[in-house]
1. Can you tell me the orientation of helix 10-24 relative to the chain, as the angle in degrees between its alpha-carbon axis and the longest Cα principal axis, to the nearest 10?
2. Grab the beta carbon distance between E111 and D27, set R0 = 35 Å, and tell me the FRET efficiency rounded to 0.05.
3. Carbon and sulfur together cover what percent of the accessible area of the chain at a 1.4 Å probe radius?
4. Rounded to the nearest whole Å², what accessible area per residue is found for the range 1-127 with the 1.4 Å probe?
5. Consider the candidate values (i) 16.6; (ii) 18.2; (iii) 23.6; state which one is Kirkwood radius over Cα pairs in Å computed from the structure displayed.
6. Treating only the Cα positions of the range 73-114 as identical point scatterers, give the base-10 log of I(q)/I(0) from the Debye formula at each q in 0.27 Å⁻¹.
7. What fraction of the DSSP beta bridges in the range 16-173 is antiparallel, stated in percent and rounded to the nearest 5?
8. Under 5 Å between amide hydrogens, which residues at least 5 positions from G149 or on another chain qualify, with H placed 1.01 Å from N in the peptide plane?
Amino acid sequence: MDECPPVPPVTTWYGEIRDRLARDYPDRALDPLIVVRIGEQRLYLIRHGVPFLDYPVSTSRYGIGNRDGSLKTPLGVHQVRRRIGEDAPLGTIFRGRANTGRIANILTTPETSPEDNITSRILWLDGLEEGVNRGGEVDSFQRFIYIHGTDEEGLIGQPASDGCVRMTNAAVIELFDQVPLGTLVVIVE
C-alpha cells in the first residue's frame, strides 16, 4: 500500500505564505487568514499566526485550474468579497445566492445529491492576482467561486465539487462567523 507523504508542519508552509503575502500585499491584514491546501483537502483559519481552526473540505473533482468553464478550483490569493446567508438556518438552500427558504436533506454517506445544493453560508471569493485568478477568462469572482456548505457532506475530505470549496454545514457556519469581508484566502496545491 502506498503511504501519503508527510504533511509539512504548519509553521513551515504558513511561514512561506505569510512572507509572500507580507511582500505582495503589505497593506492587507493577515489576521484572520484562510488557507486552503488542496492536496490535504483541508482549510485552515489562521489567527495571530497560528492555526485557530481547521476543517476537511472538498475542492473540485476536475482538479486545479483557473479558466472559466473548467469547473476546476483556482489557485492563488483571493479575498472574501461577499458574505451571504448570515442567520440562515443550517442546511438552507441557496440558488443564485438567494435564500430559497428550503432546507436540504444532508447526505452523510458518500453519495451525490440530485441537486448538488449550496447550503447554509456562502463566502464569495474575488481573485487578487491579475491573469491568475482576476480578469478575463480566469476571474474567480465572475466564475462564482465560493466557500460554501453542501448537502453532500459524506463526500467532504475528497475532491467532489465543481470548482468551489465545500465544507460541512456546521463548519461553514463556524468559519463564516470568524471572517469579515476582505479576509485573504490563499488556495495552494
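1. Between helix and principal axis, roughly 70 degrees.
2. 0.20
3. 51 percent
4. Result: 55 Å² per residue.
5. Structure-derived value, by its label: (i).
6. Cα-only, vacuum Debye calculation for the range 73-114: -0.97.
7. Given both bridge residues lie in the range 16-173, the antiparallel proportion sits at roughly 80 percent.
8. T119, R121, M167
The values are calculated or read from the model by the stated rules, or taken from the named source; none is laboratory data. Since the structure is predicted, the reported quantities are computational estimates derived from the model, not experimental observations. All Cβ positions, even for glycine, are placed from backbone atoms using ideal geometry, and neighbour counts span all protein chains on display. What goes into the accessible areas is simple: the full protein's heavy atoms, side chains included, and nothing from ligands, DNA or RNA. Shrake-Rupley method; radii C 1.70, N 1.55, O 1.52, S 1.80 Å.
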